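As structure tokens, the structure follows; a few thoughts come after it.
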Amino acid sequence: MKLSDIIKKYQCHLYTPEIYHDKEITYAFCADLMSDALMVLNSVKDDRVLSECLLITGLTTNQSIRTAEMLDVDIVLLVRGKIPSLKVIDLAKELGIMLMSTEYTMFNTSGMMYADGIKGIIYNQQW
């Protein structure tokens, strides 16, 4: 699914529009505990998976941006209408990570994306 379609369908607000780039999103992963995100996403052996992935979280701190940076994931989607601080937005800009949000819950966002053909990332799955 194209990122532009995700933005439109999930009524996303872009906090870093200056680094927006449309691309294909094939995978997604949800976590509020960034240690969980690191554990699962670090098990991915194929870099193409991470380049076509977005991280869905309700965590609006620098930690979510730093985790995305460590994993080479360049899109973070905040759920439940969460609004990041200017400090978090500035860090995302500095690191080239697209930060956006939706009013949908994490559960509904994940379910709708799955129904749209976006695959989840499974821990230790051999890619």
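The values are calculated or read from the model by the stated rules, or taken from the named source; none is laboratory data. No experiment lies behind these values; they were computed from the predicted model shown. Note: ideal-geometry Cβ built from the backbone for every residue, glycine included; neighbour counts use all protein chains shown.
On the basis of being part of a loop (DSSP other than H, G, I, E, B) and either over 21 Å from Ile7 (Cα atoms) or of a type in the set (Asp, Glu) (or both), does Asp22 make the cut? Give the derivation first.
Working: part of a loop (DSSP other than H, G, I, E, B): yes; either over 21 Å from Ile7 (Cα atoms) or of a type in the set (Asp, Glu) (or both): yes.
Yes; evaluated as a whole, the condition is true for this residue.
This table checks each residue for (1) in contact with a Ser or Thr (Cβ under 9 Å, 6 or more places away or on another chain); (2) of a type in the set (Ser, Thr, Tyr).
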position	(1), (2)
Cys30	yes, no
Met34	yes, no
Ser43	no, yes
Ile56	yes, no
Thr60	yes, yes
Leu71	no, no
Leu78	yes, no
Met100	yes, no
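Quick check, is Met70 within 14 Å of the chain's Cα centre (by Cα) and not basic (Lys, Arg)?
Numbers: within 14 Å of the chain's Cα centre (by Cα): yes; not basic (Lys, Arg): yes.
So Met70 passes the test.
Of all residues in the range 16-60, which are of a type in the set (S, T, N, Q) and modelled with pLDDT of 90 or more? Can you show your working first?
Our first condition is that a residue be of a type in the set (S, T, N, Q); within the range 16-60, this holds for 16, 26, 35, 42-43, 51, 57, 60.
Selection gives Thr16, Thr26, Thr57, Thr60.
Can you name every residue in the range 1-33 that is of a type in the set (Phe, Trp, Tyr) and over 12 Å from the mean Cα position of the chain (by Cα)? Full working, then the answer.
The first filter runs over the range 1-33 and keeps only residues of a type in the set (Phe, Trp, Tyr), leaving 10, 15, 20, 27, 29.
Across the range 1-33, the qualifying residues are Tyr10, Tyr15, Tyr20.
Regarding Thr109, is this residue touching a Cys at 6+ places or on another chain (Cβ under 9 Å), free of Cβ contacts under 8 Å to residues at least 60 places away in the same chain and within 16 Å of Cys12 (Cβ to Cβ)? First the steps, then the outcome.
Numbers: touching a Cys at 6+ places or on another chain (Cβ under 9 Å): yes; free of Cβ contacts under 8 Å to residues at least 60 places away in the same chain: no; within 16 Å of Cys12 (Cβ to Cβ): yes.
In short, no.
Do we have any residue at all in the range 15-28 that's free of Cβ contacts under 8 Å to residues at least 60 places away in the same chain, closer than 18 Å to Gly120 by Cβ, touching a Gly at 6+ places or on another chain (Cβ under 9 Å) and surrounded by 15 or more Cβ atoms within 10 Å (Cβ to Cβ)?
Residues of the range 15-28 that are free of Cβ contacts under 8 Å to residues at least 60 places away in the same chain, as a first pass: 17, 22-24.
Subset that is closer than 18 Å to Gly120 by Cβ: 24.
Those left that are additionally touching a Gly at 6+ places or on another chain (Cβ under 9 Å): none.
There is no residue in the range 15-28 that is free of Cβ contacts under 8 Å to residues at least 60 places away in the same chain, closer than 18 Å to Gly120 by Cβ, touching a Gly at 6+ places or on another chain (Cβ under 9 Å) and surrounded by 15 or more Cβ atoms within 10 Å (Cβ to Cβ).
Taking the conditions exactly as written (without any contact (Cβ under 8 Å) to a residue 24 or more places away in the chain and within 13 Å of the chain's Cα centre (by Cα)), does Leu50 satisfy them or not? I'd like the intermediate steps shown before the answer.
Details: without any contact (Cβ under 8 Å) to a residue 24 or more places away in the chain: yes; within 13 Å of the chain's Cα centre (by Cα): yes.
Judged against the criteria, Leu50 is a match.
Report whether or not Ser35 is among the polar types (S, T, N, Q) and either touching a Leu at 6+ places or on another chain (Cβ under 8 Å) or in a helix (DSSP H, G or I) (or both).
Details: among the polar types (S, T, N, Q): yes; either touching a Leu at 6+ places or on another chain (Cβ under 8 Å) or in a helix (DSSP H, G or I) (or both): yes.
The answer is yes for Ser35.
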